[in-house]
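Structure record follows, encoded as structure tokens.
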2 protein chains.
Amino acid sequence: MRASDRAYVTLLDEIQSGALAPGTVLGEVEQATRLGVSRTPLREAIGRLVADGLVTQQSPRVTVVTDFDADDIRALFEARRALETMMARLASARGDRSAFRALSEEFTRAHLDSDEAIEAYYALIARFDAALDAAVDNAYLTSALRTIRTHLVRARRLTSDNRGRMQASADEHALIASAVADGDAELAAHATHVHLHNALTAILTSLPEGNR
Amino acid sequence: MRASDRAYVTLLDEIQSGALAPGTVLGEVEQATRLGVSRTPLREAIGRLVADGLVTQQSPRVTVVTDFDADDIRALFEARRALETMMARLASARGDRSAFRALSEEFTRAHLDSDEAIEAYYALIARFDAALDAAVDNAYLTSALRTIRTHLVRARRLTSDNRGRMQASADEHALIASAVADGDAELAAHATHVHLHNALTAILTSLPEGNR
DNA sequence: TTCCCCCTCAGTGTATACACACCGAGAGGA
DNA sequence: TCCTCTCGGTGTGTATACACTGAGGGGGAA
């Protein structure tokens, strides 16, 4: 693995997890020393983070970790809705129906009654997203969504896992997958809309009073 | 202006204009020499182009200008539709109505009967896009759309300006702007859909037979 | 003659040195 | 006392040197 990749992955994780708080100044020498690489690969990593939008060039000489608050979450979900409803529509027209039928059944069967089950549920969602990406086969949509998902990880840290919400989320996913399997584009899109609405509401509700 | 910015802007323009054809291998030393910068800023420029998707790391040791064909145009318009219909909806709810009313009238008045008028029309579209960006005020949507637009420039080179189509496009824009000004989100979204459908059809029609 | 191995070289990845610009502190003058 | 100018320092931007890896060609052996 290249040094620049290591630096990127490390910084990415630290920003997503909140270890590097929004507003933190990222000095090149300081970070390079800390991560044990030279300034050259570190600059490359910072550049990629800037392209991702996770890091901002506040002034020509100072780069900081990008801010992230409730308004960002709302904006993120607007973009997500635009992209994911389109993905649902296109997958309905193009997808491998049996694959989505199987995924739908997996979502239906999911019982989130243990930590392992929750881990497995996250993995299932990842497989569902991958199936959508594969079915739609549109690099531009996939890449835009990838950026959105990168930012979304930051929202998790502001919220708490809510088991009731997760069970409902599984049911919503089951419906989306089922609609895709049936080739029902309208239902798939609208079920995605509903799912995102509920997910956003749950996230905003779980935010501490002052952060909404 | 920094050397890396110069290199980026130059390469960007050459890729968008087709001066650097798809598949062209971009050797660091070769390009750095050609552009009169050292490898360090050139690598930064290449990195940004990779993030944009205009350049691809074909193998660990060779980076090439990303391919671009009719299927890419279709995929691009799918992503564009997802984002722009959402922009239209949100702008309808949030936009400065008088600004869009004025833009709508400008579109209605546009008569594309000279090269200068066409230049002015392109500028008007740019102002319209900027007004949408400002009205929606969503950095994630704007940034995703910015990437899409960057790629879209490449499509222009494959097509020819068609004056009849452009006049129709002006009318379509007038309707979108008018719907936004009226706060009619549904109409704005559907008019955007129609506009993109027509634009895509015109582009694909104008492609040489073998490229469709 | 053909196949395989080794060597060379081209080209990237990283480290480092140097240049330069901006910011802040301190001192001097008004 | 306050404003301004200058000087030093900190940190980025760029150039360059070195290291390493992978590919291609040539030579040797079967």
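The values are calculated or read from the model by the stated rules, or taken from the named source; none is laboratory data. What you see is a predicted model; the values in this text were computed from it and never measured. Every residue, glycine as well, gets a Cβ built from its backbone with ideal geometry; the counts of neighbours run over all protein chains shown.
Do we find that B:Ser178 is farther than 22 Å from A:Leu145 by Cα, in contact (Cβ under 8 Å) with a residue 24 or more places away in the chain and among the polar types (S, T, N, Q) in this structure? Taking the combined requirement at face value, the residue satisfies it. Note on segment A:154-179: residues that are within 14 Å of another protein chain (Cβ to nearest Cβ) and either of a type outside the set (Gly, Ala, Ser) or within 19 Å of A:His190 (Cβ to Cβ) (or both) total 1. Scanning segment B:74-100 for residues that are modelled with pLDDT of 95 or more, more than 10 Å from every other protein chain (Cβ to nearest Cβ) and more than 15 Å from B:His195 (Cα to Cα) yields B:Ala91, B:Ser92, B:Ala93, B:Arg97, B:Ser98, B:Ala99, B:Phe100.
Can you name the residue in segment B:12-31 that is surrounded by 17 or more Cβ atoms within 10 Å (Cβ to Cβ) and without any contact (Cβ under 8 Å) to a residue 40 or more places away in the chain and, of all such residues, is nearest to DNA strand D (Cβ to nearest atom)? The residue in question is B:Gln31. Does at least one position in segment A:32-40 carry a residue that is within 27 Å of A:Ala135 (Cα to Cα) and crowded, with 16+ Cβ neighbours inside 10 Å? No, segment A:32-40 has no match at all. Number of residues in segment B:32-58 that are among the β-branched types (Val, Ile, Thr) and touching a residue at least 40 places away in the same chain (Cβ under 8 Å): the value is 1.
Residues in segment A:47-102 that are within 16 Å of DNA strand C (Cβ to nearest atom) and closer than 15 Å to A:Thr147 by Cα: A:Gly47, A:Arg48, A:Leu49. Selection of segment B:27-63 for residues being more than 17 Å from B:Ala7 (Cβ to Cβ) and either touching a strand residue (DSSP E or B) at 6+ places or on another chain (Cβ under 8 Å) or within 14 Å of chain A (Cβ to nearest Cβ) (or both) yields B:Gly53, B:Thr56, B:Gln57, B:Gln58, B:Pro60, B:Arg61, B:Val62.
Candidates A:Ala134, A:Ala117, A:Ala82, A:Ala123: the one that is in a helix (DSSP H, G or I), free of Cβ contacts under 8 Å to residues at least 60 places away in the same chain and surrounded by 22 or more Cβ atoms within 10 Å (Cβ to Cβ) is A:Ala82.
In segment A:45-60, the qualifying residues are those that are surrounded by fewer than 20 Cβ atoms within 10 Å (Cβ to Cβ) and assigned to a helix (DSSP H, G or I), and the one that is nearest to DNA strand D (Cβ to nearest atom) is A:Val50.
Condition check for A:Thr147 on (1) more than 13 Å from chain B (Cβ to nearest Cβ); (2) in a helix (DSSP H, G or I); (3) of a type outside the set (Gly, Ala, Ser): one failure, at (1).
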